[in-house]
Amino acid sequence: MLVFQMLLAFQVIGSGVPAPLVIAHRGASGYAVEHTEAAKAMAFAQGADFVEQDVVLSKDKQFIVTHDITMEETTDVEQVFPDRHREDGSYYFADFQWDEIKQLIMHERTRRGSESPALEKRFPGSAGQRVLRLEDEIRLVRGWNETTGKSVGLYIELKGPSFHKKEFGSNMGEWLLTLLAKLEVQPDANQCYIQCFEMQELQDLHDRLDCKFPLIQLLGRPTSAEDVSKIAKYAKGIGPSLDLLMRRNERGEIESTGLVEAAHTAGLLVHPYTVRKHQQPRWSDSLEVTHSSILQKLKVDGFFTDYPDLGRNAVDGRFPTKAN
Ligand code: G3P
Ligand code: CA
């Protein structure tokens, strides 16, 4: 067995194929409340290569690490600032100063208006944590890297650029570049990716702002090979939903949709989202099938996962040259 593993390791080194990246989706969000310091620390300790930050803007233009542009599903804003909702009943980060947001406590995602005890109980150990700004999280990851000798990277998603443009009149991508420059985050694929669903925002970063950070176009809908070629003009990779990668044919066998192959032909990286323990893409019936399909059949370049420990094991078992 050992000899076999050594031979395999030699093959991987010889072929020069880098191990796929394990990207912790909102932190280790299968184990702790998403985007809390607890979730990020756990992801770091579990061996993620990158930790993801979804970001939105506060009224005073601070980047807040959170998935939604609204606050009520993931914070206690309704208790702390009950009168500050808009006509639609939602509370927007864009209406609050950082000094106010930092008073809020994060909790497990709830359905609006009905706190779900089942959800609340999922992560009792990480409840009660406060909201982070992007700059706070960058300092945390940097500190953990310094103390452990690791080089875990950042994977920042701009959330709602169109919404923010309407609210503030400018592109949030431009402000992000300013912040990253101020914090001396290097535009290097080992350190930081920038991802977004909105094509225009990424094109603006590439064409007008000459952004050097590797850009990842997120995809939630079927995408043609022609569209993939267009994406290759401004992005370094795609981040497709797992559902878009494979399908079952009439014999019930799993086969590629061709998206990964088209992306690789166009020179793009492929980092699909999101691998979960209890919820598989439409074409898979187990976590093992999901891992083996994306890592061995499709040969993706990385993947988002709520379970960085399981992702790390899945990669290390197939690419045994990884040091940890
Ligand atoms: O950014 C990859 C994946 O996280 C996209 O989906 O909604 O979880 O941000 P979402
Ligand atoms: Ca995301």
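Below is a table of values for the structure above.
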quantity	calculated
Positions within region 153-181 being touching a residue at least 40 places away in the same chain (Cβ under 8 Å) and either outside any strand (DSSP E or B) or among the β-branched types (Val, Ile, Thr) (or both), in sequence order	ILE156, LYS159, GLY160, PRO161, PHE163, HIS164, GLU167, PHE168, MET172, TRP175, LEU176, LEU179
Residue identified as in contact (Cβ under 8 Å) with a residue 12 or more places away in the chain, of a type in the set (A, V, I, L, M) and open to solvent by 10 Å² or more (accessible area, probe 1.4 Å) among MET71, MET42	MET42
Residue that is nearest to ARG312 (Cα to Cα), among those in region 51-62 that are more than 11 Å from ligand 2 (Cβ to nearest atom), open to solvent by less than 10 Å² (accessible area, probe 1.4 Å) and of a type outside the set (Val, Ile, Thr)	LEU57
Spans of strands (runs of 3 or more DSSP E) in region 242-324 with at least 1 residues out of contact with any Phe, Trp or Tyr (no Cβ under 9 Å at 6 or more places or on another chain) and in contact (Cβ under 8 Å) with a residue 60 or more places away in the chain	none
In region 134-183, the residues that are among the aromatic types (Phe, Trp, Tyr) and buried (at least 16 other Cβ atoms within 10 Å of the Cβ)	TRP144, TYR155, PHE163, TRP175
Condition met for LEU219 (at pLDDT 95 or above, of a type outside the set (Asp, Glu) and more than 16 Å from ligand 1 (Cβ to nearest atom))	no
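The values are calculated or read from the model by the stated rules, or taken from the named source; none is laboratory data. The shown structure was predicted, so the numbers you read here are calculated from the model rather than taken from an experiment. So basically every Cβ, Gly included, is an ideal-geometry build from the backbone, and we count neighbours across all protein chains shown. Quick note on the areas: whole protein, heavy atoms, side chains included, nothing else; ligands and nucleic acids left out. Shrake-Rupley method; radii C 1.70, N 1.55, O 1.52, S 1.80 Å.
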